[in-house]
Amino acid sequence: MSLATVIATPNRLSGWTVPRAMGFALVTLGFLAGQSLRAQAFGAPDSFADLAETVSPAVVNITTSTVIEAPAGPGPMVPEGSPFEDFFRDFNDQFNQDQGDQPPEAQRSQALGSGFVISADGYIVTNNHVIEGADEIEVEFFSGERLDAKLVGTDTKTDIAVLKVESDKPLPFVSFGDSDVMRVGDWVMAVGNPLGQGFSVSAGIVSARNRELQGAYDDFIQTDAAINRGNSGGPLFNLDGEVIGVNTAILSPNGGSIGIGFSMASNVVSKVVDQLRDFGETRRGWLGVKIQDVTPDVAEALGLAEAKGALVTDVPEGPAMDAGVKAGDIITSFDGVEVGDTRELVRRVADTEVGKAVELVVLRDGKSEVLTITLGRREQAEAAAEPDKKPEQAAPVQKEVLGMKLSALTEELRGQLNIPKGTDGLVVSDIDPASEAYGKGLRAGDLIVEAGQQRLVTIADFEARVAEARDAGRKSLLLLIRREGDPRFVALSVAP
(Lines give C-alpha, C1' and ligand atoms only; values in the text may rest on other atoms or scores of the structure.)
Protein backbone atom coordinates (compact mmCIF):
# COMPACT_ATOMS: atom_id res chain seq x y z
CA MET A 1 0.00 0.00 0.00
CA SER A 2 1.42 3.38 -0.95
CA LEU A 3 2.25 6.05 1.62
CA ALA A 4 0.50 9.33 0.89
CA THR A 5 1.38 12.39 2.92
CA VAL A 6 -1.26 14.93 3.91
CA ILE A 7 -0.44 17.99 5.97
CA ALA A 8 -3.62 19.40 7.46
CA THR A 9 -4.43 22.65 9.22
CA PRO A 10 -6.43 22.71 12.46
CA ASN A 11 -10.05 21.67 12.21
CA ARG A 12 -12.60 24.42 11.92
CA LEU A 13 -15.67 23.76 14.06
CA SER A 14 -17.82 25.45 11.43
CA GLY A 15 -17.27 22.39 9.24
CA TRP A 16 -14.96 19.43 9.88
CA THR A 17 -12.98 18.20 6.94
CA VAL A 18 -11.31 14.80 6.74
CA PRO A 19 -8.31 14.65 4.37
CA ARG A 20 -8.67 11.89 1.81
CA ALA A 21 -5.70 9.96 0.45
CA MET A 22 -5.11 6.49 -0.86
CA GLY A 23 -3.06 4.45 1.60
CA PHE A 24 -1.74 5.95 4.81
CA ALA A 25 -1.69 9.66 5.54
CA LEU A 26 0.42 11.75 7.86
CA VAL A 27 -2.02 14.08 9.58
CA THR A 28 -1.28 16.92 11.95
CA LEU A 29 -3.15 16.35 15.16
CA GLY A 30 -5.36 19.41 14.93
CA PHE A 31 -7.24 17.31 12.35
CA LEU A 32 -7.40 13.91 14.01
CA ALA A 33 -10.47 11.81 14.72
CA GLY A 34 -11.10 8.17 15.52
CA GLN A 35 -10.17 5.57 18.08
CA SER A 36 -6.82 4.02 18.87
CA LEU A 37 -5.97 0.37 18.35
CA ARG A 38 -3.19 -0.19 20.85
CA ALA A 39 -0.87 -3.13 21.16
CA GLN A 40 -0.57 -4.76 24.56
CA ALA A 41 2.59 -4.00 26.55
CA PHE A 42 3.71 -5.60 29.77
CA GLY A 43 5.28 -4.32 32.96
CA ALA A 44 3.00 -1.28 33.23
CA PRO A 45 3.03 0.87 36.35
CA ASP A 46 0.32 0.04 38.89
CA SER A 47 -1.38 3.31 37.95
CA PHE A 48 -0.78 6.58 36.08
CA ALA A 49 -3.15 8.41 38.44
CA ASP A 50 -0.47 10.12 40.55
CA LEU A 51 1.38 11.28 37.45
CA ALA A 52 -1.80 12.58 35.82
CA GLU A 53 -2.79 14.42 38.99
CA THR A 54 0.66 16.04 39.22
CA VAL A 55 0.97 17.33 35.66
CA SER A 56 -2.65 18.11 34.77
CA PRO A 57 -2.69 21.69 36.16
CA ALA A 58 0.04 22.66 33.67
CA VAL A 59 -1.72 21.23 30.58
CA VAL A 60 -4.09 23.58 28.74
CA ASN A 61 -6.77 23.49 26.07
CA ILE A 62 -6.31 26.05 23.30
CA THR A 63 -9.15 27.58 21.30
CA THR A 64 -8.35 29.88 18.38
CA SER A 65 -10.69 32.15 16.49
CA THR A 66 -10.24 33.34 12.91
CA VAL A 67 -12.31 35.66 10.73
CA ILE A 68 -13.08 34.10 7.35
CA GLU A 69 -14.87 35.54 4.37
CA ALA A 70 -18.48 34.48 3.99
CA PRO A 71 -19.51 32.64 0.82
CA ALA A 72 -20.91 34.78 -1.99
CA GLY A 73 -24.30 33.01 -1.83
CA PRO A 74 -26.24 30.26 -0.08
CA GLY A 75 -25.65 27.55 -2.65
CA PRO A 76 -23.02 24.83 -2.34
CA MET A 77 -19.77 24.78 -4.29
CA VAL A 78 -19.94 22.53 -7.35
CA PRO A 79 -17.10 21.31 -9.57
CA GLU A 80 -16.42 23.26 -12.74
CA GLY A 81 -18.22 21.60 -15.65
CA SER A 82 -20.86 20.04 -13.41
CA PRO A 83 -24.38 19.82 -14.95
CA PHE A 84 -25.59 21.78 -11.86
CA GLU A 85 -23.11 24.61 -12.35
CA ASP A 86 -25.48 26.89 -14.33
CA PHE A 87 -28.38 26.20 -11.95
CA PHE A 88 -26.49 27.21 -8.82
CA ARG A 89 -24.93 30.23 -10.56
CA ASP A 90 -28.41 31.54 -11.46
CA PHE A 91 -29.66 30.76 -7.94
CA ASN A 92 -26.80 32.67 -6.31
CA ASP A 93 -27.24 35.63 -8.68
CA GLN A 94 -30.93 35.86 -7.76
CA PHE A 95 -30.08 35.58 -4.05
CA ASN A 96 -27.59 38.44 -4.30
CA GLN A 97 -30.20 40.59 -6.09
CA ASP A 98 -32.73 39.88 -3.35
CA GLN A 99 -30.15 40.99 -0.79
CA GLY A 100 -29.66 44.25 -2.63
CA ASP A 101 -26.14 43.22 -3.72
CA GLN A 102 -24.96 43.79 -0.13
CA PRO A 103 -21.66 42.07 0.60
CA PRO A 104 -22.04 39.00 2.84
CA GLU A 105 -20.88 39.35 6.41
CA ALA A 106 -17.61 37.76 7.46
CA GLN A 107 -17.83 34.71 9.68
CA ARG A 108 -15.69 33.55 12.56
CA SER A 109 -14.47 29.95 12.78
CA GLN A 110 -12.77 28.17 15.66
CA ALA A 111 -10.09 25.52 16.01
CA LEU A 112 -8.97 23.44 18.97
CA GLY A 113 -5.62 22.22 20.21
CA SER A 114 -3.54 21.57 23.30
CA GLY A 115 -0.49 23.04 25.01
CA PHE A 116 1.44 23.16 28.28
CA VAL A 117 2.80 25.83 30.61
CA ILE A 118 6.61 25.91 30.97
CA SER A 119 7.06 28.79 33.44
CA ALA A 120 5.25 30.33 36.38
CA ASP A 121 4.99 33.65 34.54
CA GLY A 122 2.80 32.18 31.79
CA TYR A 123 4.83 30.95 28.82
CA ILE A 124 3.01 28.17 26.95
CA VAL A 125 4.21 25.77 24.24
CA THR A 126 2.00 24.37 21.47
CA ASN A 127 2.15 23.50 17.76
CA ASN A 128 2.41 26.24 15.17
CA HIS A 129 -0.39 24.70 13.12
CA VAL A 130 -2.76 25.02 16.11
CA ILE A 131 -2.52 28.83 16.21
CA GLU A 132 -1.48 29.64 12.64
CA GLY A 133 -3.58 32.46 11.20
CA ALA A 134 -5.53 32.96 14.41
CA ASP A 135 -6.90 36.40 15.33
CA GLU A 136 -7.70 35.43 18.92
CA ILE A 137 -6.20 32.72 21.15
CA GLU A 138 -7.83 31.59 24.39
CA VAL A 139 -6.28 29.18 26.88
CA GLU A 140 -8.35 27.07 29.28
CA PHE A 141 -6.70 25.54 32.34
CA PHE A 142 -7.56 22.30 34.11
CA SER A 143 -9.21 24.37 36.83
CA GLY A 144 -11.59 25.89 34.27
CA GLU A 145 -9.95 29.31 34.31
CA ARG A 146 -9.70 30.97 30.88
CA LEU A 147 -7.09 33.52 29.80
CA ASP A 148 -6.37 35.30 26.54
CA ALA A 149 -2.97 34.46 25.07
CA LYS A 150 -0.60 36.44 22.89
CA LEU A 151 1.71 34.91 20.32
CA VAL A 152 5.41 35.24 21.21
CA GLY A 153 6.93 33.48 18.22
CA THR A 154 6.69 30.50 15.88
CA ASP A 155 8.99 28.13 14.05
CA THR A 156 7.44 26.47 11.01
CA LYS A 157 10.40 24.12 10.54
CA THR A 158 9.66 22.29 13.78
CA ASP A 159 5.95 23.27 14.00
CA ILE A 160 6.46 24.88 17.42
CA ALA A 161 4.85 28.04 18.80
CA VAL A 162 5.25 29.90 22.09
CA LEU A 163 2.35 31.81 23.68
CA LYS A 164 2.17 34.09 26.73
CA VAL A 165 -0.67 34.66 29.19
CA GLU A 166 -0.85 37.19 32.01
CA SER A 167 -1.96 35.95 35.41
CA ASP A 168 -2.14 37.64 38.81
CA LYS A 169 -0.71 34.52 40.44
CA PRO A 170 2.12 32.07 39.60
CA LEU A 171 0.96 29.33 37.25
CA PRO A 172 1.70 25.60 37.65
CA PHE A 173 4.21 24.47 35.03
CA VAL A 174 6.15 21.46 33.80
CA SER A 175 9.78 21.13 32.72
CA PHE A 176 11.46 19.55 29.71
CA GLY A 177 13.21 16.23 30.19
CA ASP A 178 16.07 14.68 28.22
CA SER A 179 14.49 12.97 25.21
CA ASP A 180 17.81 11.40 24.23
CA VAL A 181 17.72 9.02 27.21
CA MET A 182 14.31 7.62 26.24
CA ARG A 183 14.52 4.05 24.99
CA VAL A 184 12.21 2.04 22.78
CA GLY A 185 9.82 0.32 25.17
CA ASP A 186 9.81 3.05 27.85
CA TRP A 187 6.40 4.07 29.19
CA VAL A 188 5.02 7.49 28.25
CA MET A 189 1.79 9.40 28.91
CA ALA A 190 0.07 11.82 26.51
CA VAL A 191 -2.19 14.58 27.83
CA GLY A 192 -4.40 16.91 25.80
CA ASN A 193 -7.76 17.95 24.44
CA PRO A 194 -8.84 15.22 21.97
CA LEU A 195 -11.98 15.94 19.94
CA GLY A 196 -12.61 19.04 22.06
CA GLN A 197 -13.60 16.85 25.02
CA GLY A 198 -11.30 18.62 27.46
CA PHE A 199 -8.60 17.16 29.65
CA SER A 200 -7.77 13.56 28.68
CA VAL A 201 -4.92 11.14 29.42
CA SER A 202 -3.63 8.14 27.46
CA ALA A 203 -0.63 5.93 28.04
CA GLY A 204 1.66 3.84 25.85
CA ILE A 205 5.29 3.18 25.10
CA VAL A 206 8.03 4.64 22.94
CA SER A 207 7.64 2.61 19.76
CA ALA A 208 10.63 4.03 17.86
CA ARG A 209 13.17 6.86 18.03
CA ASN A 210 14.71 9.41 15.67
CA ARG A 211 11.86 9.36 13.16
CA GLU A 212 12.22 11.85 10.32
CA LEU A 213 8.98 12.91 8.61
CA GLN A 214 9.45 16.04 6.52
CA GLY A 215 11.86 18.61 7.93
CA ALA A 216 15.61 19.00 8.15
CA TYR A 217 15.40 19.29 11.95
CA ASP A 218 12.96 16.45 12.57
CA ASP A 219 13.59 14.16 15.53
CA PHE A 220 10.29 12.51 16.34
CA ILE A 221 9.52 10.02 19.07
CA GLN A 222 7.04 7.44 17.82
CA THR A 223 4.48 6.24 20.37
CA ASP A 224 1.37 4.08 20.54
CA ALA A 225 -0.22 6.28 23.21
CA ALA A 226 -3.66 7.23 21.91
CA ILE A 227 -3.55 10.75 20.44
CA ASN A 228 -6.33 12.19 18.33
CA ARG A 229 -7.84 15.31 16.83
CA GLY A 230 -7.23 18.22 19.21
CA ASN A 231 -4.12 16.65 20.83
CA SER A 232 -1.81 18.83 18.72
CA GLY A 233 0.65 20.73 20.86
CA GLY A 234 0.01 18.63 23.95
CA PRO A 235 2.86 17.14 26.00
CA LEU A 236 4.21 13.60 26.05
CA PHE A 237 5.50 12.82 29.54
CA ASN A 238 7.98 10.34 30.93
CA LEU A 239 7.17 8.66 34.26
CA ASP A 240 9.01 11.44 36.13
CA GLY A 241 6.51 14.02 34.87
CA GLU A 242 8.96 15.63 32.45
CA VAL A 243 7.98 16.63 28.91
CA ILE A 244 9.99 14.52 26.47
CA GLY A 245 7.92 15.33 23.35
CA VAL A 246 5.26 17.56 21.80
CA ASN A 247 2.45 15.59 20.12
CA THR A 248 2.34 16.69 16.50
CA ALA A 249 1.19 14.07 13.96
CA ILE A 250 -0.05 10.53 13.40
CA LEU A 251 0.22 8.02 10.61
CA SER A 252 -3.29 7.00 9.61
CA PRO A 253 -5.33 5.66 6.69
CA ASN A 254 -8.44 7.61 7.70
CA GLY A 255 -7.46 10.56 9.89
CA GLY A 256 -7.97 8.64 13.15
CA SER A 257 -5.39 7.21 15.51
CA ILE A 258 -4.27 3.63 14.93
CA GLY A 259 -1.49 3.75 17.51
CA ILE A 260 1.27 5.34 15.38
CA GLY A 261 1.79 8.83 16.74
CA PHE A 262 4.73 11.22 16.54
CA SER A 263 5.98 13.71 19.13
CA MET A 264 8.76 16.17 18.39
CA ALA A 265 11.61 15.33 20.78
CA SER A 266 12.07 17.72 23.70
CA ASN A 267 15.78 18.22 23.01
CA VAL A 268 14.79 19.84 19.71
CA VAL A 269 11.80 21.71 21.10
CA SER A 270 13.56 23.17 24.15
CA LYS A 271 16.22 24.90 22.03
CA VAL A 272 13.58 26.38 19.73
CA VAL A 273 11.48 27.52 22.70
CA ASP A 274 14.46 29.25 24.33
CA GLN A 275 15.14 31.23 21.16
CA LEU A 276 11.48 32.15 20.64
CA ARG A 277 11.25 33.39 24.23
CA ASP A 278 14.47 35.39 24.01
CA PHE A 279 14.22 36.78 20.47
CA GLY A 280 10.71 36.07 19.17
CA GLU A 281 12.33 34.11 16.33
CA THR A 282 14.84 31.32 15.74
CA ARG A 283 18.55 31.99 15.25
CA ARG A 284 20.18 28.90 13.82
CA GLY A 285 23.83 28.47 12.94
CA TRP A 286 24.82 28.42 9.25
CA LEU A 287 27.84 26.74 7.74
CA GLY A 288 27.30 27.84 4.15
CA VAL A 289 27.73 24.58 2.21
CA LYS A 290 25.59 22.25 0.14
CA ILE A 291 26.07 18.65 1.20
CA GLN A 292 24.97 15.09 0.53
CA ASP A 293 25.41 11.76 2.28
CA VAL A 294 28.42 9.60 1.50
CA THR A 295 26.79 6.52 -0.01
CA PRO A 296 28.64 3.20 -0.35
CA ASP A 297 29.26 3.73 -4.07
CA VAL A 298 30.54 7.28 -3.45
CA ALA A 299 32.82 5.93 -0.70
CA GLU A 300 34.17 3.29 -3.08
CA ALA A 301 34.79 5.88 -5.78
CA LEU A 302 36.76 7.99 -3.31
CA GLY A 303 38.66 5.04 -1.89
CA LEU A 304 37.11 5.42 1.60
CA ALA A 305 36.99 2.54 4.06
CA GLU A 306 33.41 3.33 5.17
CA ALA A 307 30.46 5.44 4.03
CA LYS A 308 30.18 8.21 6.63
CA GLY A 309 30.48 11.97 6.86
CA ALA A 310 28.96 14.75 4.75
CA LEU A 311 30.19 15.31 1.19
CA VAL A 312 30.39 18.99 0.17
CA THR A 313 28.85 19.54 -3.27
CA ASP A 314 29.07 23.33 -3.44
CA VAL A 315 30.48 26.25 -1.45
CA PRO A 316 28.69 29.55 -2.14
CA GLU A 317 29.83 32.81 -0.62
CA GLY A 318 29.64 32.54 3.14
CA PRO A 319 31.41 31.24 6.25
CA ALA A 320 32.61 27.97 4.67
CA MET A 321 34.12 29.71 1.66
CA ASP A 322 35.88 32.19 3.94
CA ALA A 323 37.31 29.28 5.94
CA GLY A 324 38.63 27.49 2.84
CA VAL A 325 36.11 24.65 2.48
CA LYS A 326 36.04 23.25 -1.08
CA ALA A 327 33.58 21.20 -3.10
CA GLY A 328 34.57 17.55 -2.80
CA ASP A 329 35.65 17.87 0.84
CA ILE A 330 34.15 15.33 3.23
CA ILE A 331 33.22 16.84 6.59
CA THR A 332 34.12 14.23 9.21
CA SER A 333 33.95 16.31 12.40
CA PHE A 334 32.15 19.47 13.53
CA ASP A 335 33.02 21.30 16.74
CA GLY A 336 34.75 18.24 18.15
CA VAL A 337 31.93 15.79 17.36
CA GLU A 338 32.21 13.12 14.67
CA VAL A 339 29.77 13.56 11.75
CA GLY A 340 27.88 10.44 10.71
CA ASP A 341 25.68 11.85 7.95
CA THR A 342 24.18 15.07 6.57
CA ARG A 343 21.12 15.02 8.85
CA GLU A 344 23.33 14.89 11.92
CA LEU A 345 25.54 17.73 10.64
CA VAL A 346 22.57 19.98 9.79
CA ARG A 347 21.11 19.59 13.28
CA ARG A 348 24.43 20.17 15.05
CA VAL A 349 25.16 23.29 13.02
CA ALA A 350 21.64 24.64 13.61
CA ASP A 351 21.97 24.09 17.38
CA THR A 352 25.30 25.94 17.53
CA GLU A 353 25.44 29.59 18.53
CA VAL A 354 25.52 32.10 15.68
CA GLY A 355 28.95 33.76 15.50
CA LYS A 356 30.77 30.94 17.29
CA ALA A 357 34.16 29.89 15.89
CA VAL A 358 34.27 26.10 15.55
CA GLU A 359 36.76 23.56 14.24
CA LEU A 360 35.79 21.70 11.10
CA VAL A 361 37.70 18.56 10.10
CA VAL A 362 37.52 17.71 6.41
CA LEU A 363 38.96 14.88 4.37
CA ARG A 364 40.59 16.29 1.22
CA ASP A 365 42.62 14.25 -1.27
CA GLY A 366 42.84 11.45 1.27
CA LYS A 367 44.21 13.67 4.06
CA SER A 368 42.50 15.28 7.04
CA GLU A 369 42.62 19.06 7.38
CA VAL A 370 41.42 21.18 10.28
CA LEU A 371 39.67 24.45 9.40
CA THR A 372 38.32 27.14 11.72
CA ILE A 373 34.97 28.58 10.70
CA THR A 374 32.80 31.32 12.23
CA LEU A 375 29.14 30.40 11.84
CA GLY A 376 26.65 32.73 10.21
CA ARG A 377 22.89 32.83 10.72
CA ARG A 378 20.76 30.52 8.61
CA GLU A 379 17.63 32.69 8.56
CA GLN A 380 19.55 35.65 7.12
CA ALA A 381 21.19 33.45 4.49
CA GLU A 382 17.85 31.99 3.42
CA ALA A 383 16.26 35.43 3.18
CA ALA A 384 19.10 36.68 0.96
CA ALA A 385 19.18 33.61 -1.30
CA GLU A 386 17.96 34.10 -4.85
CA PRO A 387 15.76 31.42 -6.46
CA ASP A 388 17.57 29.17 -8.88
CA LYS A 389 16.81 29.62 -12.55
CA LYS A 390 15.27 26.69 -14.34
CA PRO A 391 17.36 25.49 -17.29
CA GLU A 392 15.99 24.49 -20.64
CA GLN A 393 16.84 21.15 -22.14
CA ALA A 394 20.01 21.17 -24.22
CA ALA A 395 20.09 20.23 -27.89
CA PRO A 396 21.10 16.60 -28.70
CA VAL A 397 24.71 15.71 -29.48
CA GLN A 398 26.26 12.57 -30.87
CA LYS A 399 28.99 11.52 -28.45
CA GLU A 400 27.84 8.79 -26.05
CA VAL A 401 29.69 7.83 -22.85
CA LEU A 402 28.37 5.59 -20.07
CA GLY A 403 24.87 5.67 -21.52
CA MET A 404 24.78 9.47 -21.83
CA LYS A 405 24.98 11.65 -24.94
CA LEU A 406 27.29 14.52 -24.06
CA SER A 407 28.16 17.89 -25.52
CA ALA A 408 30.84 20.43 -24.67
CA LEU A 409 29.40 23.59 -23.13
CA THR A 410 29.01 26.18 -25.90
CA GLU A 411 27.96 29.80 -25.40
CA GLU A 412 24.60 28.97 -26.95
CA LEU A 413 24.04 26.14 -24.46
CA ARG A 414 25.30 28.34 -21.63
CA GLY A 415 22.58 30.85 -22.44
CA GLN A 416 19.87 28.20 -22.80
CA LEU A 417 20.76 26.60 -19.47
CA ASN A 418 21.42 29.88 -17.62
CA ILE A 419 24.90 28.71 -16.63
CA PRO A 420 27.07 31.55 -15.27
CA LYS A 421 30.35 32.45 -16.91
CA GLY A 422 33.30 30.72 -15.30
CA THR A 423 31.42 27.44 -14.97
CA ASP A 424 32.52 24.74 -17.40
CA GLY A 425 31.50 21.17 -17.98
CA LEU A 426 29.69 18.75 -20.27
CA VAL A 427 25.98 18.92 -21.00
CA VAL A 428 23.88 15.76 -20.93
CA SER A 429 21.71 16.14 -24.01
CA ASP A 430 20.13 12.68 -23.92
CA ILE A 431 20.30 9.60 -21.71
CA ASP A 432 19.43 5.93 -22.07
CA PRO A 433 16.53 5.12 -19.69
CA ALA A 434 18.05 1.67 -19.17
CA SER A 435 21.44 3.06 -18.15
CA GLU A 436 22.85 3.20 -14.64
CA ALA A 437 23.18 6.98 -15.01
CA TYR A 438 19.42 7.30 -15.54
CA GLY A 439 18.74 5.01 -12.61
CA LYS A 440 20.83 7.27 -10.38
CA GLY A 441 18.88 10.34 -11.34
CA LEU A 442 20.82 11.97 -14.19
CA ARG A 443 18.65 13.63 -16.82
CA ALA A 444 18.92 15.58 -20.06
CA GLY A 445 19.95 19.15 -19.26
CA ASP A 446 22.28 18.19 -16.40
CA LEU A 447 25.78 19.66 -16.43
CA ILE A 448 28.68 17.37 -15.48
CA VAL A 449 31.24 19.68 -13.89
CA GLU A 450 33.78 17.21 -12.51
CA ALA A 451 34.80 13.59 -12.90
CA GLY A 452 37.16 11.98 -10.44
CA GLN A 453 37.28 15.38 -8.64
CA GLN A 454 38.86 16.98 -11.71
CA ARG A 455 37.27 19.72 -13.81
CA LEU A 456 35.85 18.86 -17.23
CA VAL A 457 35.97 21.01 -20.35
CA THR A 458 35.93 18.53 -23.22
CA ILE A 459 34.51 15.07 -23.79
CA ALA A 460 38.12 13.86 -24.08
CA ASP A 461 38.62 14.98 -20.47
CA PHE A 462 35.71 12.80 -19.38
CA GLU A 463 36.92 9.78 -21.33
CA ALA A 464 40.38 10.23 -19.81
CA ARG A 465 38.90 10.17 -16.28
CA VAL A 466 36.99 6.98 -17.10
CA ALA A 467 40.18 5.35 -18.42
CA GLU A 468 42.16 6.44 -15.34
CA ALA A 469 39.56 4.93 -13.00
CA ARG A 470 39.59 1.65 -14.88
CA ASP A 471 43.41 1.54 -14.93
CA ALA A 472 43.46 2.15 -11.18
CA GLY A 473 41.12 -0.79 -10.64
CA ARG A 474 38.23 1.34 -9.39
CA LYS A 475 34.69 0.12 -9.92
CA SER A 476 33.14 3.56 -10.13
CA LEU A 477 33.83 7.19 -11.00
CA LEU A 478 32.58 10.14 -8.93
CA LEU A 479 30.80 12.85 -10.94
CA LEU A 480 29.79 16.33 -9.78
CA ILE A 481 26.46 17.25 -11.39
CA ARG A 482 24.68 20.61 -11.48
CA ARG A 483 20.96 20.90 -12.15
CA GLU A 484 19.10 24.19 -11.86
CA GLY A 485 22.12 25.55 -9.99
CA ASP A 486 21.97 22.76 -7.41
CA PRO A 487 25.07 20.50 -7.23
CA ARG A 488 25.29 16.87 -6.15
CA PHE A 489 27.73 13.97 -6.48
CA VAL A 490 26.90 10.73 -8.28
CA ALA A 491 29.09 7.64 -8.54
CA LEU A 492 28.79 5.70 -11.84
CA SER A 493 30.18 2.28 -12.62
CA VAL A 494 33.08 2.32 -15.12
CA ALA A 495 33.27 -1.43 -15.65
CA PRO A 496 33.87 -2.05 -19.39
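The values are calculated or read from the model by the stated rules, or taken from the named source; none is laboratory data. Just so you know, these numbers come straight off a predicted model, no measurement behind them. We place every Cβ from the backbone using ideal geometry, glycine too, and count neighbours over all the protein chains shown.
A few comments on the model shown:
- Leading residue by the ranking (surrounded by the fewest Cβ atoms within 10 Å (Cβ to Cβ)) among those in region 176-191 that are assigned to a strand (DSSP E or B) and out of contact with any helix residue (DSSP H, G or I) (no Cβ under 8 Å at 6 or more places or on another chain): TRP187
- Residue list for region 138-175, filter: among the acidic types (Asp, Glu), part of a loop (DSSP other than H, G, I, E, B) and farther than 14 Å from VAL59 by Cα: ASP159, GLU166, ASP168
- Residue tally, condition over 15 Å from VAL490 (Cβ atoms), touching a strand residue (DSSP E or B) at 6+ places or on another chain (Cβ under 7 Å) and not β-branched (Val, Ile, Thr), over region 420-443: 3
Here is a yes/no grid of residues against (1) at pLDDT 95 or above; (2) charged (D, E, K, R):
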residue: ALA120; (1), (2): yes, no
residue: VAL125; (1), (2): yes, no
residue: ASN128; (1), (2): no, no
residue: ASP135; (1), (2): no, yes
residue: SER143; (1), (2): no, no
residue: ASP155; (1), (2): no, yes
residue: PRO170; (1), (2): yes, no
residue: MET182; (1), (2): yes, no
residue: PRO194; (1), (2): no, no
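- Single unsatisfied condition, ASP278 versus (1) in a loop (DSSP other than H, G, I, E, B); (2) without any contact (Cβ under 8 Å) to a residue 60 or more places away in the chain: (1)
- Of all the residues in region 340-358, those that are touching a residue at least 40 places away in the same chain (Cβ under 8 Å), hydrophobic (A, V, I, L, M, F, W, C) and loosely packed, with under 15 Cβ neighbours inside 10 Å number 0.
- In region 122-146, the residues that are at positive phi reach residues that are β-branched (Val, Ile, Thr) and at pLDDT below 90 with C-beta atoms within less than 7 angstrom, at least six apart or across chains, in these pairs: GLY133/THR66.
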